[in-house]
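Enquirer: The following block contains the structure, expressed as structure tokens.
The values are calculated or read from the model by the stated rules, or taken from the named source; none is laboratory data. Computed from a predicted structure; not experimentally measured. Cβ: placed from backbone, ideal geometry, glycine included. Neighbour counts: every protein chain shown.
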Amino acid sequence: MKSKECQQCGTEFLGRTNKKFCSNTCKNNHHNEAYRQSNKVVFNLDKKLHKNRAVLKDMFQVYRSSPISIDILKARGFDKNFHTHTFNAPSGDRYVMVYEVGYKMSFDGQVQIIELEAVA
């Protein structure tokens, strides 16, 4: 039987002619890395959205719907360029949403944070 080299770790091994990896661990590591590379943009975007959501939720717990400076959010890592959608309230106000939490900008750099109720 001819020995082959593992595509992941480079170890020499014996096995079937079509076998490419020396172990299930190497096979899994190889495919997981390929998956991470192919979805790198999505993972980075998702990370920013989750960071924004966490900042908004934390600040909502502290300030509720009282206006606060956008600089407070930015100091905690908030990036206003990343959001999931906008929400037009019945009052006519437009909120920028990150999943179920959002904010309304005012002209003086203040934001009002809201959290939508979960619809079950």
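Enquirer: Exactly one of (1) loosely packed, with under 14 Cβ neighbours inside 10 Å; (2) within 24 Å of Leu45 (Cα to Cα) is unmet by Glu117. Its number?
Expert: Exception for Glu117: condition (2).
Enquirer: Looking at (1) free of Cβ contacts under 8 Å to residues at least 24 places away in the same chain; (2) surrounded by 10 or more Cβ atoms within 10 Å (Cβ to Cβ), find the lone condition where Val111 falls short.
Expert: (1)
Enquirer: Quick one: is Asn81 closer than 16 Å to Lys47 by Cα and without any contact (Cβ under 8 Å) to a residue 24 or more places away in the chain?
Expert: Working: closer than 16 Å to Lys47 by Cα: yes; without any contact (Cβ under 8 Å) to a residue 24 or more places away in the chain: yes.
It is true that Asn81 is closer than 16 Å to Lys47 by Cα and without any contact (Cβ under 8 Å) to a residue 24 or more places away in the chain.
Enquirer: Which of (1) modelled with pLDDT of 95 or more; (2) exposed (fewer than 11 other Cβ atoms within 10 Å of the Cβ); (3) not in a helix (DSSP H, G or I) is the odd one out, the single condition Gln61 does not satisfy?
Expert: All conditions pass for Gln61, except number (3).
Enquirer: Can you name the condition, by its number, that Thr11 falls short on among (1) surrounded by 14 or more Cβ atoms within 10 Å (Cβ to Cβ); (2) over 30 Å from Met105 (Cβ atoms)?
Expert: (1)
Enquirer: Also, quick follow-up: Please list, ordered by first then second residue, the pairs with beta carbon atoms under 8 Å, 6 or more apart or interchain, first in the range 87-108 and more than 17 Å from Arg64 (Cα to Cα), second part of a strand (DSSP E or B) and among the polar types (S, T, N, Q).
Expert: Close Cβ pairs (under 8 Å, with a partner that is part of a strand (DSSP E or B) and among the polar types (S, T, N, Q)) amount to Arg94/Thr86; Arg94/Asn88.
Enquirer: Can you tell me which residue is nearest to His50 (Cα to Cα) among those in the range 88-114 that are assigned to a strand (DSSP E or B) and either of a type in the set (Lys, Arg) or in contact with a Lys or Arg (Cβ under 7 Å, 6 or more places away or on another chain) (or both)? Before you say what the answer is, go through the steps one by one.
Expert: Filtering the range 88-114 down to residues assigned to a strand (DSSP E or B) leaves 88, 94-98, 101-105, 110-114.
Narrowing further to those that are either of a type in the set (Lys, Arg) or in contact with a Lys or Arg (Cβ under 7 Å, 6 or more places away or on another chain) (or both): 88, 94-95, 98, 101, 104, 111-112.
Numbers: Asn88: 22, Arg94: 21, Tyr95: 18, Val98: 8, Val101: 11, Lys104: 19, Val111: 19, Gln112: 19 Å.
In this case the residue turns out to be Val98.
Enquirer: Quick check on my filter: what residues within the range 1-49 are in a helix (DSSP H, G or I) and among the β-branched types (Val, Ile, Thr)? It would help to see each step written out before you state the result.
Expert: Filtering the range 1-49 for residues in a helix (DSSP H, G or I) gives 24-38, 40-49.
The answer is Thr25, Val41, Val42.
Enquirer: Still on this structure: Within the set of pairs 6+ apart or on separate chains, which have a first residue in the range 30-58 that is surrounded by 15 or more Cβ atoms within 10 Å (Cβ to Cβ) and modelled with pLDDT of 95 or more, a second that is hydrophobic (A, V, I, L, M, F, W, C) and part of a helix (DSSP H, G or I), and C-beta atoms under 9 Å apart?
Expert: Correct list of pairs: Asn52/Leu73; Val55/Leu73; Leu56/Leu73.
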